[in-house]
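J.: The structure that follows is given in the form of C-alpha cells.
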Amino acid sequence: MKMSEVLREARKYEELTERSIRAEERPVFHLSARVGWMNDPNGFSFYNGKYHMFYQYHPYSSIWGPMHWGHAVSEDLLRWEYLPAALAPDEPCDMDGCFSGSAVTLPDGRQLLMYTGVSMEGLPDGSRSERQQQCLAIGDGIDYDKYSGNPVITSDMLPEGSSRIDFRDPKMLQMEDGSYQVLIGNRPADGSGQILIYKSRDAFHWEYKGILSRNLCRFGRMWECPDYFELDGKSVLIVSPQDMLPEGFEYHNGNGTLALIGHLSEDGSLCEENDQAIDYGIDFYAPQTILTPDGRRVMIGWLQNWDTALAMREKKLKWNGQLSIPRELSIVDGRLYQKPVRELEDRRANKVSYADVMIEGEEERNAADLTEDGQGTDRAFPGVKGRCIDLTVKIRPEDVQTSFDRFIIRFAAAGAQFSMLTWRPKEQVLKIDRKFSGSRRAIIHQRRALVPSEDGSISIRLILDRFSVEAFVNDGRQVLSAVLYTSQEADGISFSCRGRARVDIEKYDLI
Ligand code: FRU
C-alpha cells in the first residue's frame, strides 16, 4: 500500500495522543472518537469475522475539520478496538474532506469503501465552488488504497438541475444477482432533498438509475446519509434531513431523523405508507444499518446533533463525539421499533429488582431542594443507582379511579445536578430533560414525545453509559437519546409521582 504523508501523520498523531486518555474518561461500550472529533458512523460492515465501524473524524482538534475516516473493530458491537485511521484527505478529488460513505465486500475478498470526496472546482464565471463526488478505496480491513479511477460517480452524472455541492453520503447495497446499487443524498432544483440511485455490475463502473424518493420540501430540506433495507415485509428508507420545521411532537426544529416505510413501486421508487422520527430525544443523527451474520438489522447513529456540536466549540476536549448503542430493528404495525442489541444482555450484572411498589407524592421544588445525596424527597431504592446501567421501569396507575398527573424518573443525580424523564399520562407526553445536568451552554435541554398509552401505563428501558442516556419506550416503539454533561459521581436515581402509581423496577450494572 502506498500511504500518503497526510494519512501517515494522522496515524502517528492519533496513536501518540490517544495515550493521554484514560479508559475511565470514555464511555464503556459506546464507540467514541479515538482522539479529537467524530461525527457520522461510516462504512458499518461485517468483514473478515468482525464488525467494522469507520467514522467522520478530525483527529487534530475537538471541532470539525478536514474529514478523515477513523476506524474500529468489534466482535460483539459493544467492545471496540481502535485501528489506524483508514482515509485522509490527500487526493485532488478529496482535498477538502473524505465525507460519509459505506462499505461492501468484493467477490475477491477485499473490502471496498465508497465515500464522498469534497474538492473545489472553478466555475465558468471565474469563481470557485465546492463539489462533492463519489470515490472508492480498496483494502484488507486495515489499510486502504484510493482507487486510481476516482471519482467514480462525478457531478456530471447528476440528473438535470441537481446540486453539485450537495451530493453525498453514498450507501452501497449488494443486490441478489451480484450487482450493486448505491443511494446518494442530493439537493434538486427545488432546494429540498432527493435520494438518487446509481447501479453497477462490478462496483467500479456506475451509471445513473433513477430516484428512490423525493422530499418535495416536506421533511426539512437536504436529506443526508440515506440507508435502505427490507424488513418484516416492508421497504424502509432512513434519511437525516437538515433544516426541519417542527410538526406536532413528531419532528423537531433543525437536523432530524426520518424513517419512510412502505413498499417499492414498479419504477423502483419508494411508495410511502408511514413516516416517523427515528429518535425523539436530543442527540441522534446520521444512522447507518447492517445485516448481521445471524440476520438482524442493526442500526448505529451519531449521538449528537449539529446545532449543539457547532455551538459547543471547545477545542481542548480529548475526544468529542460518540456513537449510539447498536439497536436491533423491527417493523411492528408499520412502525420502526428499536431495541438495544441483545449482546448487551451478556454485560448485565448485579440484578436488583422491586416489584409492584407504590410511588406517591411529589413536592413542589426545584434543583436547589435536592438533598446532598441527590435523592431529595423522592423515593430511592437500595441498589438502584449508577452511570453505566440497564434500568427498566414499568409504570401504571394504581387503579382507574386514582390515576396520576405525572411521574418523574431522576437519574445521573447528585446535589443540584440531575436529568429526568417526566411522563404525563393525561397528555400522553414523555419529556427528556437535561437542564440541570451540569450543562453550561444555551443548547437544547428538553424534548418531548407523544407516547400513546391507553391506561396511562408506560415501560421505559434506560441505558446509561457515563456520558449518555438512551430511553427505549414501550419495547422500543420510541427512543429518546441525549448526551449528558454530568460529572460521574452523580449516580443517583429516584422516583416521584403527582398522584399514585405502581412500578416494577429492574436494574443491572453493565460491565
Ligand atoms: C452528516 C454530514 C454528512 C457529511 C458529513 C460531513 O452529519 O453532514 O452529510 O458527509 O456529515 O462530515
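Bear in mind these aren't lab numbers, they're just calculated from the coordinates by the rules spelled out. Worth saying up front: this structure is predicted, and the values here are computed from it rather than measured. Methodologically, a virtual Cβ is constructed for each residue, glycine included, from the backbone with ideal geometry; neighbour enumeration extends over all protein chains shown.
J.: Mind ordering 94-107, 326-339 by average Cβ neighbours within 10 Å, highest first?
T.: Values: 94-107: 21.6, 326-339: 19.0.
For the peptides 94-107, 326-339, the packing ranking is 94-107, 326-339.
J.: Any chance you could run the full-extension gain for Gln428 through Ala416? It's 0.36 nm times the residue separation minus the Cα-Cα distance, nm to one decimal.
T.: Extra length available between Gln428 and Ala416 comes to 1.5 nm.
J.: Can you give me the distance in nm between label points at Val400 and Arg500, each placed 7 Å from the Cα along the Cα-to-Cβ direction?
T.: That separation, rounded to one decimal, is 1.7 nm.
J.: What is the total of Lys pairs in segment 341-495 with C-alpha atoms under 25 Å apart, excluding same-chain pairs fewer than 8 positions apart?
T.: Pairs that pass both the separation and distance tests number 9.
J.: If I take R0 = 25 Å and measure r between the Cβ atoms of Ser4 and Arg110 in this structure, what FRET efficiency does the formula 1/(1 + (r/R0)^6) give, to the nearest 0.05? Numbers along the way, then the final one.
T.: On the way: r = 19 Å, r/R0 = 0.78.
So, using R0 = 25 Å, E works out to roughly 0.80.
J.: Quick one: Kirkwood hydrodynamic radius for segment 148-301, alpha-carbon pairs, angstrom, one decimal?
T.: 16.0 Å
J.: So for each of 429-437, 31-39, 398-406 I average, over its residues, the number of other beta carbons within 10 Å; can you give me the resulting order with the highest mean first?
T.: 31-39, 429-437, 398-406
J.: How many lysine pairs does segment 120-268 hold where the Cα atoms are under 20 Å apart and the two sit 8 or more places apart or on different chains?
T.: Count of close lysine pairs: 5.
J.: While we're looking at this one, here's another question. Stick to Cα atoms and the Kirkwood definition of Rh, then tell me Rg/Rh for segment 115-192.
T.: Ratio of gyration radius to Kirkwood radius for segment 115-192: 1.03.
J.: Could I have the simple spin-label model distance between Phe46 and Asp333, label points 7 Å from Cα toward Cβ, reported in nm to one decimal?
T.: 3.1 nm
J.: Hey, if you put +1 on the Cβ of every Lys and Arg and -1 on every Asp and Glu Cβ in the chain, which of Leu237, Ser163, Trp319 ends up farthest toward the positive end of that dipole?
T.: Looking along the dipole axis, the top candidate is Trp319.
J.: Given 0.36 nm per residue, what is the gain on full extension from Ala23 to Tyr354 after removing their alpha carbon distance, in nm?
T.: Result: 115.9 nm gained on full extension.
J.: Next up: Just grab the label-to-label distance for Gln174 and Glu130, each label 7 Å out from Cα along the Cβ direction, in nm (one decimal).
T.: 3.3 nm
J.: Let me ask something else about it. Under 8 Å for C-alpha pairs, at least 6 residues apart: give me the relative contact order for the chain, rounded to a whole percent.
T.: Taking the mean separation of contacting Cα pairs over the length of the chain, I get 12 percent.
J.: What ³J(HN,Hα) values, in whole Hz, does the Karplus curve 6.51 cos²θ - 1.76 cosθ + 1.60 give for segment 258-265 when θ = phi - 60°, with x put for Gly and Pro?
T.: Whole-Hz 3J(HN,Hα) from phi for segment 258-265: 9, 10, 9, 10, x, 9, 7, 8.
J.: Placing +1 at every Lys and Arg Cβ and -1 at every Asp and Glu Cβ, with all other atoms neutral, what dipole size does segment 42-175 have around its Cα centre, in debye to the nearest 20?
T.: Charge dipole of segment 42-175: 200 debye, to the nearest 20.
J.: Stretched out fully, how many nm does the piece from Lys209 to Glu314 gain, at 0.36 nm a residue minus the Cα gap?
T.: 33.5 nm
J.: Can you give the charge dipole size of the chain about its Cα centre, rounded to the nearest 20 debye, using +1 on the beta carbon of Lys and Arg and -1 on the beta carbon of Asp and Glu?
T.: Dipole magnitude for the chain comes out near 1040 debye.
J.: Distances longer than 45 Å among the Cα atoms of the chain: what percent of all pairs is that?
T.: 14 percent
J.: Relative to the longest principal Cα axis of the chain, at what angle does helix 5-18 sit, 0 to 90 degrees, rounded to 10?
T.: Tilt of helix 5-18: around 20 degrees.
J.: On to the next question. Based on the Cβ-Cβ distance of Phe381 and Glu81, what FRET efficiency does E = 1/(1 + (r/R0)^6) give at R0 = 45 Å, to the nearest 0.05?
T.: Working: r = 36 Å, r/R0 = 0.81.
For R0 = 45 Å, the calculated efficiency reads 0.80.
J.: While we're here: Given Tyr198, Ser61, Leu78, which one lies farthest toward the positive end of the charge dipole of the chain, if we put +1 on the Cβ of every Lys and Arg and -1 on the Cβ of every Asp and Glu?
T.: Of the listed residues, the answer is Ser61.
J.: In whole Å, what are the extents of segment 13-143 along the principal axes defined by its C-alpha atoms, from largest to smallest?
T.: The principal-axis extents, from largest down, are 54, 39, 20 Å.
J.: Here's a follow-up. Treat every Asp and Glu Cβ in segment 359-511 as -1 and every Lys and Arg Cβ as +1, leave all other atoms uncharged, and give the resulting dipole magnitude about the Cα centre to the nearest 20 debye.
T.: 560 debye
J.: Pull up the cross-link candidates among the lysines for Lys318, meaning alpha carbon to alpha carbon under 19 Å and not fewer than 8 places away within one chain.
T.: Lys12
J.: Classify segment 285-324 as rounded, prolate or oblate from the Cα gyration tensor: take a ≥ b ≥ c as the square roots of its eigenvalues, call it rounded if a/c is under 1.5, otherwise prolate when a/b beats b/c and oblate if not. Mind showing how you got there, number by number?
T.: On the way: a/c = 6.55, a/b = 2.66, b/c = 2.47.
The shape class here is prolate.
J.: Also, I was wondering about something else. Would you please give the residues with an amide H less than 5 Å from that of Arg406, counting only those at least 5 places away or on a separate chain, with H modeled from the backbone geometry?
T.: Here the answer is Arg498, since their amide H atoms fall under 5 Å of that of Arg406.
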